[in-house]
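Accompanying notes for the structure given below.
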C-alpha cells in the first residue's frame with residue numbers, strides 16, 4: 001500500500017487550515033484595540049481667543065447644565081472599576097471645567113453651571129457622558145440659543161496619553177483638555193457667524209422668556225413659537241415698563257442665587273480635583289497593565305493551542321516513516337502547547353488582581369467624593385442625587401415669593417401658601 005506524501009500538492013488537511021485560522025485570529029485579537037464613540041479631537045488644540053476685547057453688547061451669557069451621567073456597560077467585566085458614583089461626580093466635574101475653559105476664551109459674558117435647564121439662558125449647553133474610564137472620554141454636546149436654534153450637536157472623543165496625567169492644573173489643564181478646547185472652539189466658530197442683530201435678538205428673547213416664565217399672561221404675547229419650535233420676537237416692552245423692570249429685578253436676584261450655587265459647585269470641583277485626577281491616573285496605569293497582561297495571556301494561549309494542533313496536524317499528514325521520525329517533535333509541541341495554555345491561564349489570574357485594584361480605586365474615590373450640602377435662604381440643596389429636584393423646588397419658591405411681592409400673578413395661576421418656619425423649641429436654651 002502506497003502512503004501519500006505530505007509533499008502531495010492536492011493535500012490540504014483540516015488541521016492545517018485550523019492552524020492558519022488560529023494564527024489569523026490571534027493576530028487580530030492581539031493587535032486590536034477598543035474604540036469609543038465620537039470623533040477623536042486633535043492633539044494640542046489651541047483655544048480660540050478674540051483679537052480685541054469685546055464690548056458688553058457683543059457678549060452672550062452661557063448656561064451649562066449638569067451633564068447626563070449616561071449608562072455604565074451592563075457587562076461587569078467591561079466596567080473595570082467604574083461605578084455610578086464616579087459617573088455622578090463626572091457629570092458635575094465636566095461642565096464645571098468646561099465653564100472655566102469658556103471663561104478664559106474672552107468671547108462670553110457670564111458663564112454658569114446650572115443644575116437644570118435654565119429658562120432664561122441666552123446660550124444653553126447640555127451634555128451627556130457617552131463613555132469615560134480615565135483613559136478615554138466621549139461627550140455628546142448640544143448647544144442651543146434662546147431662539148431654540150440648535151447651534152450643533154456633536155460627540156467628542158479623546159484618548160489620553162499616560163504622560164498627560166502629569167501636566168494637569170486645576171481650572172486650566174485637564175487630562176482631556178484638547179476635548180474641552182475643541183468644544184469651546186466650536187462654540188466660538190458658531191458665535192462668530194452671528195450678526196450683531198442676531199446677538200441682540202438672542203439677548204432680548206432670553207429676557208422675555210424669563211419674564212414669561214414669571215408672568216406668562218403679561219409677557220407670553222411678546223413671543224411667538226412656530227411649528228418647528230423656533231422662538232421669535234413679536235414686540236418689545238415699552239421703555240421703563242414697570243412690570244418688566246420688576247421682572248428684571250427678580251432676574252438679578254435669581255442670578256445671585258445661581259452665582260451662590262456656582263460658588264458651591266466650584267468648591268465641589270476643587271475638592272474633587274485631587275482624588276479624581278489621582279483616580280484617573282492610577283486607573284489608566286492599571287488598565288494599561290491589565291491590557292498588557294491580557295495580551296500576553298492571549299498570545300500564550302493561542303500559540304499553545306496552535307502548537308498542539310500543529311503537532312496533531314504533523315502526525316496526521318505525514319506518512320508512516322515521517323510520523324515515527326517526528327514523534328518526539330510532536331510530543332514536545334503538545335507538551336509546550338499545554339504549558340503555554342496553562343501559563344496563559346496564570347497570567348489571566350494575575351490580570352484579575354489588577355482588575356480588583358481598579359475596583360478598589362473606584363470605591364476609594366466614591367468615598368472621597370461625598371456630596372456637598374448648601375443652605376440658601378433657609379432652603380437646603382444637595383449637589384448630588386436629588387440636586388436637580390431641589391434646585392427646581394427652590395426656583396419655584398423664588399417665583400412664589402417674588403410673585404407675591406410684585407403682584408406678578410397670572411390670571412390662571414394660583415400660588416400655594418408659603419409654609420412658615422417652625423416655631424422655636426421652648427425647651428431650647430437661648
(message) Only one of 52, 112 is surrounded by 16 or more Cβ atoms within 10 Å (Cβ to Cβ) and either modelled with pLDDT of 90 or more or in a helix (DSSP H, G or I) (or both). Can you tell me which?
(response) 112
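Only one of these is within 17 Å of the chain's Cα centre (by Cα), touching a residue at least 60 places away in the same chain (Cβ under 8 Å) and in a loop (DSSP other than H, G, I, E, B): 82, 98. Name it.
Selected residue: 82, the only one of 82, 98 that is within 17 Å of the chain's Cα centre (by Cα), touching a residue at least 60 places away in the same chain (Cβ under 8 Å) and in a loop (DSSP other than H, G, I, E, B).
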(request) May I ask you to verify whether residue 235 is assigned to a loop (DSSP other than H, G, I, E, B) and over 28 Å from the mean Cα position of the chain (by Cα)? (result) yes
(request) Only one of these is farther than 22 Å from residue 111 by Cβ, at pLDDT 95 or above and in contact with a strand residue (DSSP E or B) (Cβ under 9 Å, 6 or more places away or on another chain): 157, 146. Name it. (result) 157
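Residues are listed down the side, and each one gets a yes or a no for (1) surrounded by fewer than 14 Cβ atoms within 10 Å (Cβ to Cβ); (2) touching a helix residue (DSSP H, G or I) at 6+ places or on another chain (Cβ under 6 Å):
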{"position": "223", "(1), (2)": "no, yes"}
{"position": "231", "(1), (2)": "no, yes"}
{"position": "236", "(1), (2)": "yes, no"}
{"position": "245", "(1), (2)": "yes, no"}
{"position": "251", "(1), (2)": "no, yes"}
{"position": "257", "(1), (2)": "no, no"}
{"position": "263", "(1), (2)": "yes, no"}
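The values are calculated or read from the model by the stated rules, or taken from the named source; none is laboratory data. Treat the numbers as computed from the prediction; the structure is a model and nothing was measured. Here Cβ is always computed from backbone atoms with ideal geometry, including for glycine, and neighbour counts include all displayed protein chains.
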